[in-house]
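Asker: After the structure tokens below, expect a handful of questions from me.
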Amino acid sequence: MAWDTEGTRTKLLDAGTAEFARHGLAGGRIDRIAEAAGVNKERIYQYFGNKRGLFDSVLARRLVQAADAVPFDGDTPEEIARYAGDMFDFHADDPTLARLLTWEGLELAEPVDLARRHDHMVAKTDHLARALPQASRQELGELLLTIVTLACSWPVLHVAATIDPQPNPRSGRRAAIEETIRHQAQALAARLRHRPHP
């Protein structure tokens, strides 16, 4: 019977995602991943080279899933704000990617899959440019960076509980993020209206 290579890879990626999100790269253990996947650990080395290779593949796959799950095709500041809210909901519903990105920042000197991530962010910046066509790439990049950092921070920073004792202030947090991004986008649009055309 033929070996289900793709199925085995998927099992290892799923198990690796759970392990690395919980323990990080340094704390993640190959034997736990293999056991959770129901696969001999030698397959990890065969398919991914080593633990770092598996971590990189886990994070790269999760980033693609996030890009597909939170599209942005708007062309107004209001739709930019809604996109920020949708991104917040994505990370609040499943904090796995936010945790993986946190571990990446703590443990790795360079981002995983940098070229593809750069291309993705360029594409997102192009989408923002439809709503703010006179904005510079730097201005659009700062707006996108603000959206990403606000949306990702909720699952990994336990600051909210120290400020708001309510058991689930999530809806208020989404509204605050949307308002922040709406104001930032509107303020940028107002500046652009008064900027001389080249």
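The values are calculated or read from the model by the stated rules, or taken from the named source; none is laboratory data. Note that this is a predicted model, so its numbers are computed, not measured. Here the Cβ positions follow ideal geometry from the backbone for every residue, glycine too, while neighbour counts run over all protein chains shown. Side chains included, ligands, DNA and RNA excluded: accessible areas come from the protein's heavy atoms. Shrake-Rupley method; radii C 1.70, N 1.55, O 1.52, S 1.80 Å.
Asker: Considering the stretch 39-59 alone, what residues qualify as being crowded, with 16+ Cβ neighbours inside 10 Å and of a type outside the set (V, I, T)?
Answerer: First, pick out the residues of the stretch 39-59 that are crowded, with 16+ Cβ neighbours inside 10 Å: 39, 41, 43-44, 47-48, 51, 54-59.
K41, R43, Y47, F48, K51, L54, F55, D56, S57, L59, listed by residue number.
Asker: Has the stretch 1-15 got at least one residue that is under 19 Å from R116 (Cβ atoms) and either touching a helix residue (DSSP H, G or I) at 6+ places or on another chain (Cβ under 9 Å) or modelled with pLDDT of 95 or more (or both)?
Answerer: Of the residues in the stretch 1-15, the ones under 19 Å from R116 (Cβ atoms) are 9, 13.
Those left that are additionally either touching a helix residue (DSSP H, G or I) at 6+ places or on another chain (Cβ under 9 Å) or modelled with pLDDT of 95 or more (or both): 9, 13.
So far as the stretch 1-15 goes, yes, one or more of its residues are under 19 Å from R116 (Cβ atoms) and either touching a helix residue (DSSP H, G or I) at 6+ places or on another chain (Cβ under 9 Å) or modelled with pLDDT of 95 or more (or both).
Asker: Pull up the stretch 133-147, narrow it to residues that are surrounded by 16 or more Cβ atoms within 10 Å (Cβ to Cβ) and in contact (Cβ under 8 Å) with a residue 40 or more places away in the chain, then point me to the one that is nearest to the chain's Cα centre (by Cα). Let's see the steps before the verdict.
Answerer: The first filter runs over the stretch 133-147 and keeps only residues surrounded by 16 or more Cβ atoms within 10 Å (Cβ to Cβ), leaving 135, 139-141, 143-144, 146-147.
After this cut, where a residue has to be in contact (Cβ under 8 Å) with a residue 40 or more places away in the chain as well, the list is 135, 139, 143, 147.
Working: A135: 24, E139: 20, L143: 15, I147: 11 Å.
Among those residues, the one meeting the criterion is I147.
Asker: Restricting to the stretch 67-116, give me the number of residues that are surrounded by fewer than 20 Cβ atoms within 10 Å (Cβ to Cβ) and touching a Phe, Trp or Tyr at 6+ places or on another chain (Cβ under 7 Å).
Answerer: Count: 4.
Asker: Next question. Do we have any residue at all in the stretch 26-36 that's within 20 Å of V64 (Cα to Cα) and either polar (S, T, N, Q) or crowded, with 19+ Cβ neighbours inside 10 Å (or both)? It would help to see each step written out before you state the result.
Answerer: First pass over the stretch 26-36, keeping only residues within 20 Å of V64 (Cα to Cα): none.
Among the residues of the stretch 26-36, not one is within 20 Å of V64 (Cα to Cα) and either polar (S, T, N, Q) or crowded, with 19+ Cβ neighbours inside 10 Å (or both), which makes the answer no.
Asker: In the list D93, D31, which residue meets the criterion of being under 13 Å from G16 (Cβ atoms), free of Cβ contacts under 8 Å to residues at least 40 places away in the same chain and out of contact with any helix residue (DSSP H, G or I) (no Cβ under 9 Å at 6 or more places or on another chain)? Quick ask: steps written out before the conclusion?
Answerer: Values: D93 fails: under 13 Å from G16 (Cβ atoms).
After ruling out the rest, the residue left standing is D31.
Asker: To continue, here is another question. Would you say V159 is without any contact (Cβ under 8 Å) to a residue 60 or more places away in the chain and closer than 21 Å to P71 by Cβ?
Answerer: Details: without any contact (Cβ under 8 Å) to a residue 60 or more places away in the chain: yes; closer than 21 Å to P71 by Cβ: no.
In short, no.
Asker: In addition: Can you tell me which residue among A176, A189, A161 is open to solvent by 30 Å² or more (accessible area, probe 1.4 Å), part of a helix (DSSP H, G or I) and at pLDDT below 90? It would help to see each step written out before you state the result.
Answerer: Details: A176 fails: at pLDDT below 90; A189 fails: open to solvent by 30 Å² or more (accessible area, probe 1.4 Å).
When all the criteria are applied, what remains is A161.
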